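Contents: one structure, followed by commentary.
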Amino acid sequence: PPIYFLRIIVLALVLMTPSATTHSTMPLSPVFVKVSTPTKTRHYPTSRVEQPQRRRTHSTDDLASLITKPKTDRFGFLLENESEHGVKRRHSDTNKKISDPEKALVAKAAKQRALDKVTKRREKKWVNMIRSWEKNKNKKKHQQRILSRVRKGIPDKLRGAVWSLLGDVPNTIDFTKKGQYNELLLQAEMVGRGGRTDEDALVQVRDTIERDIKRTFPNHIMFKDLQEDRISEEEFDELLVSPTNTFDKNENEVAVVIYTKEEETPDLLNSAGGQASLRRVLRAYSMYDQETGYCQGMNFIVAMFLTFMTEEEAFWLLVFIMNDQPCNMRNMFGSDMSQSSQVLHVGSRLIEQFLPKLAKHLHRENVHISMYATHWLLTIYTTKFPFELVTRVWDCFLAEGWKIVYRIMLAILSVHERKLLKMDFEDILGFFRDVGQKAEADKLFEVAFKIQLKNKHVKKYEKEYLLQEKENKR
């Protein structure tokens, strides 16, 4: 019977394909294969697809629409069970009993309309500021206006443009470093082919970047790992014998998703998608600054940039935050990571200054700042926090530097101080593991800007750390 011959053909294809359980570190990538029925002998070349979405049923219509557009939030994170890069969505109104659902919907719609009006008004102000940026960028009044407006949040539509301007990216791309990004990519592509004295170090950096790419915002539409959507062999077999007719009515063919091994080294220059862009930016920077190379944490920062701008813009913004004021993060990711220790020291001293009771309690429970705030401060909240909070922190960070990073840390601790004072060591650490899920951007920013933190406080504790380090080296 026709189905018998079809199963033989498919079985041969499956046997020729390495099993997903084979011990290998190489990732799997999807390949669509159209298999002809015996009544119509035709050959179909394989073709790679970027984001196949497996359907739950196996009808003809489902097979024809294996690629679907998933639902996302406004930032591009998938809206299934999670959003905000791994943070479970908080349905604040879900558990509340609503006596009048219609009334609640009307109130929600009215609130959204008011918010839209405010957003449009802010967008107009930002557009006018962007148009006159070059003309006014050195004027004190312009700088004060920027600081005031970034604290309210840059509109999503304009965030990429404003971030680029804050990092002087347009001038860098068009004038001072024109064409250099592409040159760096060409150099990065040659890594692993021999001929360099530093080949081993560069290969190690390349491999580390490759491992971290698939861990970066895995539930964002740009960076989603395709392995999660693969069809198992059992489901594949079920699809073939399904009584719902898996054959296309016109072509008399069945569309099957089979996973084969990806190339060991992805095509750096020509591959498409968010992971490819992330790879290129990180690899280019590892060539630009070979002393720093790559360090974990940089991947999340670059991925965040890529959600708002092109990869070349993201690259030069990375160069800016690493090397220029007010960010100057390079020593956070260097071989000795000296700035990381300094940042944690400043954070600890600020807690002692502004939240003395909590600082004493944490000290009694032997909870050091490195146990809970390391990923807050070293990646500037890009991991484990809602993306709305992350972007608003970076709006301010690019404009005014480290003060906002410490403000938000103090705000988080201040909001939860009463609870923390009642907890012991284990409860405190457990609470901090999930604190990102409790973060509300508007509330935290309101608290943060009420804290009387000044630049002089930050500089004081930075100097204190440097003096201590100097004494320790003697």
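The values are calculated or read from the model by the stated rules, or taken from the named source; none is laboratory data. Note that this is a predicted model, so its numbers are computed, not measured. Positions of Cβ are backbone-derived with ideal geometry, glycine not excepted, and every protein chain shown enters the neighbour counts. SASA here: full protein model, heavy atoms, side chains in, ligands and nucleic acids out. Shrake-Rupley method; radii C 1.70, N 1.55, O 1.52, S 1.80 Å.
Of G179, G160, all but one fail to be within 23 Å of the chain's Cα centre (by Cα), within 28 Å of S271 (Cα to Cα) and open to solvent by less than 50 Å² (accessible area, probe 1.4 Å); the exception is G160.
With respect to (1) open to solvent by 60 Å² or more (accessible area, probe 1.4 Å); (2) farther than 28 Å from R145 by Cβ; (3) out of contact with any strand residue (DSSP E or B) (no Cβ under 6 Å at 6 or more places or on another chain), the lone exception for L429 is condition (1). For the residues L362, L350, L358, the requirement of being part of a helix (DSSP H, G or I), in contact with a His (Cβ under 7 Å, 6 or more places away or on another chain) and more than 18 Å from Y285 (Cβ to Cβ) singles out L350. Beta carbons closer than 7 Å, at least 6 apart along the sequence or on distinct chains, pair a first residue in the stretch 255-278 that is surrounded by fewer than 16 Cβ atoms within 10 Å (Cβ to Cβ) with a second that is assigned to a loop (DSSP other than H, G, I, E, B) and at pLDDT 50 or above for T265/G192. F397: among the aromatic types (F, W, Y), in contact with a strand residue (DSSP E or B) (Cβ under 7 Å, 6 or more places away or on another chain) and buried (at least 21 other Cβ atoms within 10 Å of the Cβ), yes or no? For F397, the condition - among the aromatic types (F, W, Y), in contact with a strand residue (DSSP E or B) (Cβ under 7 Å, 6 or more places away or on another chain) and buried (at least 21 other Cβ atoms within 10 Å of the Cβ) - is not met. Going by the conditions given, is K456 open to solvent by 10 Å² or more (accessible area, probe 1.4 Å), in contact with a helix residue (DSSP H, G or I) (Cβ under 9 Å, 6 or more places away or on another chain) and on the phi < 0 side of the Ramachandran plot? So K456 fails the test. Restricting the first member to the stretch 162-188 and to residues that are over 16 Å from V281 (Cα atoms), and the second to residues that are among the hydrophobic types (A, V, I, L, M, F, W, C) and in a loop (DSSP other than H, G, I, E, B), the beta-carbon pairs closer than 8 Å and six or more apart or on different chains are V162/I154; W163/I154; W163/F308; W163/M309. Within the stretch 365-374, track down each residue that is surrounded by fewer than 21 Cβ atoms within 10 Å (Cβ to Cβ), assigned to a helix (DSSP H, G or I) and not polar (S, T, N, Q). Answer for the stretch 365-374, where residues must be surrounded by fewer than 21 Cβ atoms within 10 Å (Cβ to Cβ), assigned to a helix (DSSP H, G or I) and not polar (S, T, N, Q): just M371. Considering only residues in the stretch 192-206 that are in contact (Cβ under 8 Å) with a residue 24 or more places away in the chain and closer than 19 Å to C295 by Cα, the one that is surrounded by the fewest Cβ atoms within 10 Å (Cβ to Cβ) turns out to be D198.
The residues of the stretch 320-339 that are open to solvent by less than 10 Å² (accessible area, probe 1.4 Å) and not in a loop (DSSP other than H, G, I, E, B), listed by number, are I321, M322, M332.
Of all the criteria given as (1) touching a Gly at 6+ places or on another chain (Cβ under 6 Å); (2) modelled with pLDDT of 95 or more, the one not satisfied by I221 is (2). Listed by first and then second residue, the pairs with beta-carbon distance under 8 Å, at least 6 apart or on different chains, first residue in the stretch 116-128 and open to solvent by less than 70 Å² (accessible area, probe 1.4 Å), second not aliphatic (A, V, I, L, M), are T119/P155; E123/P155; E123/K157; W126/R149; W126/P155. Residues satisfying the criterion are present in the stretch 143-156 (criterion: farther than 30 Å from L78 by Cα, in contact (Cβ under 8 Å) with a residue 12 or more places away in the chain and surrounded by 15 or more Cβ atoms within 10 Å (Cβ to Cβ)).
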